[in-house]
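Taking it in order: structure first as structure tokens, then the write-up.
The values are calculated or read from the model by the stated rules, or taken from the named source; none is laboratory data. The shown structure was predicted, so the numbers you read here are calculated from the model rather than taken from an experiment. Virtual Cβ from ideal backbone geometry, glycine too; neighbours counted across all protein chains shown.
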Amino acid sequence: MKKIFLSIVLVVFMFRTYADEGMWIPLLLGEQVYKDMVKKGLKLKPEQLYSMNHSSIKDAIIIFGGGCTGEIVSDQGLIFTNHHCGYDAIANASTVEHNYLRDGFFAADKSKEIQSKISVRFLNRIEDVTQKVLDALGKTEGMERAQKLIAAQGSIVKEVTGGDEFKAAVVVSMFKGNQYFLFVYDVYKDVRLVGNPPESIGKFGGDTDNWEWPRHTGDFSVFRVYMNKDGKPSNYGADNVPLKPKYFLPVSIKGFKDGDFSMIYGYPGGTNRYETSYGVKLSIDINNPTLVKLRDVRLKYMFDEMKKDPATKLQLASSYASIANYWKFYDGETKQLLKYDITGQKQKTETEFIEWAKGKAEYENIFSDYQKNYEAWRPYATQAVYMREGIMGSPLLAYTASWSGLEQLLNKKDASKEDIAKAISNAKTARENFLKDENKKSDQNILASVLMMYNTDIPKEQQPAGFYESLFKNFNSIDESPYKKYAADVFENTMAFDGSKWNDFVANPTVAALQADPAYKTTMAFIKNWNGNYSSKNQAFVNKNNDLGRLFMKGLFEKEPAKMKGTYPDANFTMRVSYGNVKSYKPKDAVFYDFVCTLSGVASKYVAGDYEFDLPAKFLDLYKAKDFGDYIDKKYNDIVVCFITTNDITGGNSGSPVINGNGELIGLAFDGNYEALSHKLAFDKDLNRTICVDVRYVLWCIDKLGGAKHIVDELKLVK
Ligand code: ARG
């Protein structure tokens with residue numbers, strides 16, 4: 001009996017591979033992880049993955065814009081990233097006459113590439129600055145520690161960048177403040193749009209298919225990074241030249257099989273895998289549903305206007321897409337957290353920890369303190385989401401909130417004429433920018449709805465004093481909702497929209513004029529209420545959570561040293577590598593999901609004229625003619641459009657290269673699957689999949705659909 005038991009244990013042990021959980025810092029992979037990568041199919045040496053002295057894959061990986069990843073794919077600075085990462089730049093480059101977002105665009109040569117506002121960052125070096133930061137923090141806690149941390153981070157960053165606008169640095173916390181790392185970047189600010197497929201390809205399936213597999217989206221766009229003549233990073237310049245990169249990724253069009261090795265480099269934005277059961281519960285009960293409910297309304301009113309007019313569609317497209325993206329994410333996250341009882345799973349670990357911590361003074365109260373902290377904050381959590389997603393969800397209110405800096409300055413007795421003139425000039429620019437993106441009709445509806453919802457959902461005693469009394473007194477009506485009338489009045493009378501009122505104000509800026517403005521009055525009523533009564537509660541909650549989190553992690557390292565030594569820190573928008581396999585899965589009983597989908601699948605989803613499932617005529621012609629070129633997958637006798645892997649990624653990884661065992665690009669990661677949307681808080685080792693666009697489809701779209709073979713010719717193809 002004993003013997004059998006022993007051999008079972010051995011077998012299990014021998015076949016145990018690591019789950020594909022883990023977002024590893026490439027510099028600190030460790031032997032254990034590297035060996036596991038090799039076992040899974042990696043053919044490269046560690047120094048090909050990351051090297052301080054030689055060029056390596058890490059040199060081809062960039063931060064693209066504010067929150068995406070991109071990769072260098074040619075010796076002339078060509079960048080691949082996702083369509084949804086380039087979306088804003090594509091929309092900005094488009095007009096109703098030259099609608100590149102709708103129709104697609106490929107620059108015929110370099111002179112036709114379009115200037116963008118995007119900048120990209122190359123990782124220069126990483127340094128462990130734990131001791132420096134911890135020395136600066138001392139034994140402090142709470143607010144004091146939070147402030148000292150900001151100061152310490154600021155001074156390290158300043159020391160490193162010396163104010164050079166082409167250098168950037170961040171000091172980030174690892175393991176909830178138990179370690180600190182410095183990341184230094186070179187910043188290139190001349191990045192041009194080279195090409196993108198029509199939106200019907202790049203966003204095929206829209207929000208219906210978003211966060212889901214099977215998925216048939218050609219989610220890619222192409223940019224190029226330029227440097228100045230001296231080979232240095234620079235701002236846009238007509239005589240700049242394409243970047244000569246340290247390294248670029250070769251591109252494989254050989255395809256892959258189910259089970260093949262896959263590695264993803266990139267910049268995952270944030271996870272909280274050590275979130276407590278209390279945190280999970282707050283997300284499920286309050287944070288997520290409140291966000292979803294408010295975004296529902298904002299999206300509905302935006303969509304109503306976008307449908308009516310192509311110019312409005314272009315104007316709101318980018319903002320709509322980003323609101324919709326995390327609207328669906330948080331809705332899905334709640335469902336998965338409930339389905340897999342993540343609260344219960346977390347409670348189990350916590351019970352074990354509490355048991356272990358008994359009698360250890362430093363740790364024994366962590367979870368009762370967590371409980372108290374959450375109980376103290378819970379009554380105000382809805383208010384916090386309402387401020388962020390509701391009140392600030394009206395673009396007009398968010399914009400007019402920016403006037404408060406002006407008000408402070410005007411109130412200052414010793415403010416100089418120059419200071420005021422400068423502030424007014426900034427305010428003028430801010431207003432122009434606001435008006436460019438503003439759609440009044442949808443915003444007015446959003447404002448009316450949000451004010452109504454706030455009144456319903458926020459307890460009376462938490463509302464701004466007198467606000468609703470005055471609203472009902474002045475806009476009482478049986479014909480129309482008082483909220484609607486109030487919003488109409490704000491939009492009618494604010495100087496944000498009234499050029500002549502605005503000109504009067506900038507000619508003679510006074511506090512009284514600001515305070516009389518109905519939009520400013522509205523936004524400030526809510527902001528003052530928040531600042532006066534809830535902001536300090538929120539900070540206390542966050543700071544206490546940080547203190548407890550730091551201790552909890554420290555305790556875990558003590559409790560399970562071996563396990564924790566081989567673990568990875570939560571994502572924090574620093575470069576990571578994750579590895580796994582191309583892999584099919586079973587999302588539910590009796591259902592099997594293949595690991596690839598094809599052009600035939602795109603065609604079968606086609607709905608002529610549909611907002612999400614339309615296709616360009618040329619696409620259908622090429623498909624009918626089976627004009628697949630070199631990009632065909634012989635097994636399917638079709639183009640493989642997307643595929644899935646077991647890699648551990650999250651938002652921020654969008655655009656990340658999916659790399660095979662030989663270090664060649666096989667696709668671009670662009671999404672996660674619905675069944676594992678709890679991934680920020682808990683990784684699901686069976687169901688988690690990363691959704692990738694196959695690079696062969698990308699090349700087919702560039703070459704066959706876009707007629708831009710010259711771009712493909714720039715790549716180093718592995719056939
Ligand atoms: N879910 C994708 C991500 O977060 C973005 C997809 C954009 N598409 C869309 N329909 N909103 O990376």
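Per-structure values
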{"read-out": "Members of segment 449-461 found to be exposed (fewer than 13 other Cβ atoms within 10 Å of the Cβ) and either acidic (Asp, Glu) or in contact with a helix residue (DSSP H, G or I) (Cβ under 6 Å, 6 or more places away or on another chain) (or both), listed by number", "value": "461"}
{"read-out": "Residues within segment 659-716 that are aromatic (Phe, Trp, Tyr) and over 24 Å from residue 623 (Cβ atoms), tallied", "value": "2"}
{"read-out": "Qualifying positions in segment 462-518 - assigned to a loop (DSSP other than H, G, I, E, B) and hydrophobic (A, V, I, L, M, F, W, C)", "value": "465, 475, 478, 495, 496, 497"}
{"read-out": "Members of segment 298-334 that are within 15 Å of residue 390 (Cα to Cα) and among the hydrophobic types (A, V, I, L, M, F, W, C)", "value": "299, 302, 323, 324, 327"}
{"read-out": "Residue ranges of strands (runs of 3 or more DSSP E) in segment 153-242 with at least 3 members more than 16 Å from the ligand (Cβ to nearest atom) and aromatic (Phe, Trp, Tyr)", "value": "179-188"}
{"read-out": "Of the criteria (1) within 15 Å of the ligand (Cβ to nearest atom); (2) touching a residue at least 60 places away in the same chain (Cβ under 8 Å); (3) surrounded by 17 or more Cβ atoms within 10 Å (Cβ to Cβ), which one residue 315 fails", "value": "(1)"}
{"read-out": "Selection status of residue 247, closer than 30 Å to residue 83 by Cβ, aromatic (Phe, Trp, Tyr), in a loop (DSSP other than H, G, I, E, B) and more than 16 Å from the ligand (Cβ to nearest atom)", "value": "yes"}
{"read-out": "Members of segment 88-115 found to be within 16 Å of the ligand (Cβ to nearest atom) and surrounded by 22 or more Cβ atoms within 10 Å (Cβ to Cβ), listed by number", "value": "89, 90, 101"}
{"read-out": "Cross-chain or 6+ apart pairs with Cβ under 9 Å, segment 588-606 first and in a loop (DSSP other than H, G, I, E, B), then of a type in the set (A, V, I, L, M)", "value": "594/644; 595/582; 595/644; 606/615; 606/620"}
{"read-out": "Selection count where residues are in a loop (DSSP other than H, G, I, E, B) and within 16 Å of the ligand (Cβ to nearest atom), scope segment 676-697", "value": "2"}
{"read-out": "Residue in segment 326-347 that is among the β-branched types (Val, Ile, Thr), modelled with pLDDT of 95 or more and under 27 Å from residue 551 (Cα atoms) present", "value": "yes"}
{"read-out": "Enumeration of residues in segment 172-182 that are on the phi < 0 side of the Ramachandran plot and surrounded by fewer than 24 Cβ atoms within 10 Å (Cβ to Cβ)", "value": "172, 173, 174, 178, 179, 181, 182"}
{"read-out": "Flag for residue 271 being hydroxyl-bearing (Ser, Thr, Tyr), buried (at least 20 other Cβ atoms within 10 Å of the Cβ) and within 16 Å of the ligand (Cβ to nearest atom)", "value": "yes"}
{"read-out": "Pair list, Cβ < 8 Å and 6+ apart or interchain, from segment 691-719 residues that are closer than 29 Å to residue 579 by Cα to residues that are among the basic types (Lys, Arg) and outside any strand (DSSP E or B)", "value": "691/215; 702/709; 718/254; 719/254"}
{"read-out": "Options 270, 266, 279; residue that is in contact with a strand residue (DSSP E or B) (Cβ under 8 Å, 6 or more places away or on another chain) and modelled with pLDDT of 95 or more", "value": "266"}
{"read-out": "Check on residue 622, more than 26 Å from residue 333 (Cα to Cα) and not in a loop (DSSP other than H, G, I, E, B)", "value": "yes"}
{"read-out": "All positions within segment 324-354 that are among the small types (Gly, Ala, Ser) and either more than 16 Å from the ligand (Cβ to nearest atom) or closer than 12 Å to residue 281 by Cα (or both)", "value": "344"}
{"read-out": "The one condition in (1) in contact (Cβ under 8 Å) with a residue 12 or more places away in the chain; (2) surrounded by 14 or more Cβ atoms within 10 Å (Cβ to Cβ) that residue 510 fails to fulfil", "value": "(2)"}
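Quick grid of which residues meet (1) under 20 Å from residue 222 (Cα atoms); (2) of a type in the set (Val, Ile, Thr); (3) within 15 Å of the ligand (Cβ to nearest atom):
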{"position": "598", "(1), (2), (3)": "no, yes, no"}
{"position": "601", "(1), (2), (3)": "no, no, no"}
{"position": "611", "(1), (2), (3)": "no, no, yes"}
{"position": "617", "(1), (2), (3)": "no, no, no"}
{"position": "622", "(1), (2), (3)": "no, no, no"}
{"position": "632", "(1), (2), (3)": "no, yes, no"}
{"position": "655", "(1), (2), (3)": "yes, no, yes"}
{"position": "670", "(1), (2), (3)": "yes, no, yes"}
{"position": "674", "(1), (2), (3)": "no, no, yes"}
